[in-house]
Amino acid sequence: MKIDMAYGSGGRQTGDLIHDIFLKNFDNKILGRMEDAAILKVGGNIAYTTDSFVVTPLFFRGGDIGKLAVCGTVNDLLMMGAMPKYLTAGFIIEEGADTDTLDRIAGSMSLAAREAKVKIVAGDTKVIEGKGGIYINTSGIGEIQRTGVSISGCRKGDVILLSGNLGEHHAAVMSHRMGIENIIQSDCASLRSIVKNLNHIKVHCMRDVTRGGLATVLNEAAQASSCAIEIYEEALPISHEVRGFCDILGLDPLYMANEGKMIAVVPENQAGKALDIMKNSRYGENSRMIGRIKEGEGVTMVTALKGSRIIDILYGEGLPRIC
Ligand code: MG
């Protein structure tokens, strides 16, 4: 069925949408009470974040806007040392969107939430004029389990670990938009298992590699921590397919978005153990040691030919509506 403005009226059709799609898919006691707000039990300090998702197309190889909306917010909580517990989801739906499409997206959110062990406990739906677009905002709460992990926490001598191949989400979305046939899949995933398994390792900084790519994350870390970063081109994990895609289109994987990768910056004496743990964690199988924290400022890369290249932050637009 096509969604029209009546679905946003707050009346009968809104109720149908909530029951037939959201309550059915997100099924949990807290949401099921249907009060004006969810009542939550949370122990100690919490991390709290929000993110909006406007990706186009809504479905791409390896994921969809729903999976992205859950994993993106979950990963931001994890990067702050928090175990994600609760999410809220706000949907802005343009008239003309299909109820089956919305149901598929909600189903995908439910699966992703179960894997990340979070509950979707409150939500909202608005319908606006338009051409069938769907946008989602998710907010999330996590319980702090590790303190002192910060973008400003990198120290001279620390080692930078990356949890897997670069550029996959970006290349998957772009392939879909350009109608290019390939086997590249978005890496959209929850980083819960990697972070949980690193629990006993001293970690100075964690950050998920999203919009702006690895280059942007590293520049933010170098700036916030008042240090220099050196990475090694030969150590960067990039799949054969993504490398080929980049070569043809003149793209640089360092600036391409991921949605299921992170860096962990750890003291040198923890690096070997941390890398092993990451490699043995779900979605971390291709983790690598990619660089080091040094004295100075800025980010440089030792190239495959042993030259040195300055890696600047992403300027300009990047790829719009990538997440
Ligand atoms: Mg982030």
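The values are calculated or read from the model by the stated rules, or taken from the named source; none is laboratory data. Source: prediction; values computed, not measured. Cβ: placed from backbone, ideal geometry, glycine included. Neighbour counts: every protein chain shown. Just the protein is used for accessible areas: all its heavy atoms, side chains included, with ligands, DNA and RNA removed. Shrake-Rupley method; radii C 1.70, N 1.55, O 1.52, S 1.80 Å.
Observations
- Phi-based couplings in Hz for the stretch 244-251 (Karplus 6.51, -1.76, 1.60; Gly and Pro marked x): x, 4, 5, 4, 5, 9, x, 9
- With Cα atoms as the point set, the stretch 167-317 shows a radius of gyration and Dmax of 15.4, 47 Å.
- Here each label is just a point 7 Å from Cα along the line to Cβ, and for residue 308 and residue 9 those points are 6.9 nm apart.
- Amide H contacts for residue 63 (H built 1.01 Å from N in the peptide plane; partners 5 or more residues away or on another chain; cut-off under 5 Å): 186.
- Antiparallel DSSP beta bridges within the stretch 1-139, as percent of all bridges there, nearest 5: 60 percent
- Contact order, relative form, for the chain: 22 percent (alpha carbon pairs under 8 Å, 6 or more residues apart, mean separation divided by residue count).
- In Hz, Karplus ³J(HN,Hα) per residue of the stretch 211-222 (6.51, -1.76, 1.60; θ = phi - 60°; x = Gly, Pro): 3, x, x, 4, 4, 5, 4, 5, 5, 5, 5, 5
- Ellipticity estimate at 222 nm from DSSP helix runs (n ≥ 4, -39,500 (n - 2.57)) divided over the chain, nearest 500: -8500 deg cm²/dmol
- For the stretch 1-66 versus the stretch 210-272, the spacing of their alpha-carbon centroids is 33 Å.
- In sequence order, calculated HN-Hα J values of the stretch 176-188 (Karplus, 6.51, -1.76, 1.60; Hz; x Gly/Pro): 4, 5, 8, x, 8, 7, 7, 9, 5, 10, 4, 8, 2
- Per-q log10 I(q)/I(0), the stretch 19-129, q = 0.14, 0.17 Å⁻¹ (Debye; single scatterer per alpha-carbon; no solvent): -0.57, -0.84
- Restricting attention to the chain, close to 75% of DSSP beta bridges with both partner residues there are antiparallel.
- Carbon/sulfur fraction of accessible area - the chain, other protein chains in place, 1.4 Å, %: 50 percent
- Degrees, to the nearest 10: 99-116 long Cα axis against longest axis of the chain: 50 degrees
- For the chain: span of alpha carbons on each principal axis (Å, largest first): 65, 48, 31
- Think of a 1.4 Å ball rolled over the protein heavy atoms: the stretch 32-108 then has 43 Å² of accessible area per residue.
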